[in-house]
Amino acid sequence: SLAPVWNDIPVGKVRLTVEGLDADGNVTGISGQRDFLRDFPFHGPYNSNVRPYAEAAKMAALYIHGLPAIQHWMDSATPDMTYRHNTYACKIIGSTIQLECLIARILPRHRDEALQIARNAARFLMEQSRPEGAPLAYFPPTYYSNLISSSREENQGKAMTMEACFVGNAFLDLYDITGEDTYLKQAVRIADTYKSLQAPDGSMPIKVDYLTGEPVNGCKAMLTPVMELFSRLEDQYGIADFRDNLERAAGWMDSVAMASFDMTAQFEDMTVLNQKPYQNLTECASAPYASWLLNRGDITDRMLDDAADLIRFSEDQFVCWDVLPDPDGIRTMSTPSVYEQYGYRMPIDHSSAVVAKAMMDLYEVTGDELALAKAKALVDNLTVVQNPLNGQIPTSLDLRSGAKDKGRGFWTNCTYASITALLRMEDIMEHR
């Protein structure tokens, strides 16, 4: 163990040499050598927020709202596929609805437009959903059309199980602001289908055939998204039909996912075929699960300890508090930021948002000022990277130039996560 000397090792590139010793302490030879990075710990203060959090959130929301592919929904109930990420129908179009519902609440001047967009996007998802009686009844497609990852053979006719949760929450948001029962009923129908997908041990498959519902392999889903949906239906609308399913899902997460710490990634643009345990971990599984534990009304000391461990894991494996400069003396990432997953080691705004939210949850439950300072550093950086002229928060926070920068992908769901993190920080700081 390097623990006795770890705090004395400077940040930077390190060569570890292991020497064999005889009984008298004399070196008998070198057992091995390894070069590695002694990474940066948290060392605030960092750049503070460059504008108020609520202002940054509104700017980012209006940037999305004004995009041609979003405005397209004003007069159409089919997506504009020039925005290629609409191919991930559940995630991107579901997030579009959520974002427009948020705009209708916090930016009343744009309410009518936002609701028109949200209703047409919801109509599309409902029309594309599997029919009543199908194994995936009322689930919209994970993959729509034939673009980007939807074109891969392994994804054609398949569905990522947890992705319909985006849509269930989107319909609930739309119900909240319109009061139209159609959307509440559709969300409940989606939740009903999750009941049928759940195994006796509480687990659900990570990916299934969209027509038959048959799992593509034995890999299990991280269940926080569906646990949040079940919880919301009961806590906010008094629908207790899913209490047993929630308890079994929570039991599986505790006894299997938490016990093993195999926080498996479940991204629709990454393969889950032939995936080995611990092969592709992600804070997008660990941090939201920590938040779910911390927001339980009946939180126990053990849940609190587990949540703290999940946040430590998220920070240790994925948070990048700083980065060494390249040979030109330039740091090639905007830090502090958070890598998305082992399989895509890229700093992503969504990842910063979900880890910051977990840290904010820990602060609100325990009063841990260090947790809040870390959350603030991550959220503040979202305002630093935000384009001050148009409000865009980039999805990836790496330095790019020329054609590489022009090809940078942009994900609506990621911006939505950043917006909600900004608004959460605004609320916390306002009430301190």
Can you tell me which residue in the stretch 264-303 is farthest from Glu340 (Cα to Cα), limited to those that are surrounded by 14 or more Cβ atoms within 10 Å (Cβ to Cβ) and among the charged types (D, E, K, R)? Arg296
Among residues of the stretch 183-197 being over 18 Å from Arg119 (Cα atoms) and among the small types (Gly, Ala, Ser), the residue surrounded by the most Cβ atoms within 10 Å (Cβ to Cβ) is Ala191
Go through (1) out of contact with any Phe, Trp or Tyr (no Cβ under 7 Å at 6 or more places or on another chain); (2) within 28 Å of Ala250 (Cα to Cα); (3) acidic (Asp, Glu) for Asp328 and report which single condition fails. (2)
State whether the residues of the stretch 37-46 include one that is among the basic types (Lys, Arg) and either open to solvent by less than 10 Å² (accessible area, probe 1.4 Å) or at pLDDT 95 or above (or both). no
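Step by step: first the residues of the stretch 238-260, then only those that are of a type in the set (S, T, N, Q) and open to solvent by 30 Å² or more (accessible area, probe 1.4 Å), then the one that is nearest to Met227 (Cα to Cα). Which residue is that? Don't jump to the end; show me each part of the working.
Filtering the stretch 238-260 for residues of a type in the set (S, T, N, Q) gives 245, 255, 260.
Then drop every residue that is not open to solvent by 30 Å² or more (accessible area, probe 1.4 Å), which leaves 255, 260.
Numbers: Ser255: 15, Ser260: 19 Å.
Within the stretch 238-260, the match that is nearest to Met227 (Cα to Cα) is Ser255.
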Taking Leu370 and the conditions (1) closer than 25 Å to Gly66 by Cα; (2) outside any loop (DSSP other than H, G, I, E, B); (3) over 19 Å from the mean Cα position of the chain (by Cα), which numbered condition does it fall short on, given that it satisfies the others? (1)
Which count do you get for residues in the stretch 62-92 that are assigned to a helix (DSSP H, G or I), open to solvent by 30 Å² or more (accessible area, probe 1.4 Å) and touching a Phe, Trp or Tyr at 6+ places or on another chain (Cβ under 9 Å)? 2
Filtering the stretch 1-12 down to residues that are surrounded by fewer than 10 Cβ atoms within 10 Å (Cβ to Cβ) and not in a loop (DSSP other than H, G, I, E, B) yields Ala3, Pro4, Val5, Trp6
For the stretch 94-120, how many residues are open to solvent by 10 Å² or more (accessible area, probe 1.4 Å) and among the β-branched types (Val, Ile, Thr)? 1
With (1) open to solvent by less than 10 Å² (accessible area, probe 1.4 Å); (2) over 30 Å from Tyr83 (Cβ atoms); (3) of a type outside the set (D, E, K, R) as the list, and Pro347 as the residue in question, which single condition is left unmet? (2)
Limited to the stretch 393-427, what total is found for residues that are open to solvent by less than 50 Å² (accessible area, probe 1.4 Å), in a loop (DSSP other than H, G, I, E, B) and either closer than 17 Å to Ile106 by Cβ or not charged (D, E, K, R) (or both)? 7
Sole residue being in contact with a helix residue (DSSP H, G or I) (Cβ under 9 Å, 6 or more places away or on another chain), surrounded by fewer than 17 Cβ atoms within 10 Å (Cβ to Cβ) and modelled with pLDDT of 95 or more, chosen from Asp368, Asp380, Asp361: Asp368
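Return the total of residues in the stretch 147-156 being part of a loop (DSSP other than H, G, I, E, B) and either surrounded by 12 or more Cβ atoms within 10 Å (Cβ to Cβ) or of a type in the set (Lys, Arg) (or both).
Of all residues in the stretch 147-156, those part of a loop (DSSP other than H, G, I, E, B) come to 147, 152, 156.
In the following step, the residues that additionally are either surrounded by 12 or more Cβ atoms within 10 Å (Cβ to Cβ) or of a type in the set (Lys, Arg) (or both) were identified as 147, 152.
Here the count works out to 2.
The values are calculated or read from the model by the stated rules, or taken from the named source; none is laboratory data. Worth saying up front: this structure is predicted, and the values here are computed from it rather than measured. Ideal geometry is used to build each Cβ from the backbone, glycine not excepted, and the neighbour counts take in all protein chains shown. In case anyone asks, the SASA skips ligands and DNA or RNA and just uses the protein heavy atoms, side chains included. Shrake-Rupley method; radii C 1.70, N 1.55, O 1.52, S 1.80 Å.
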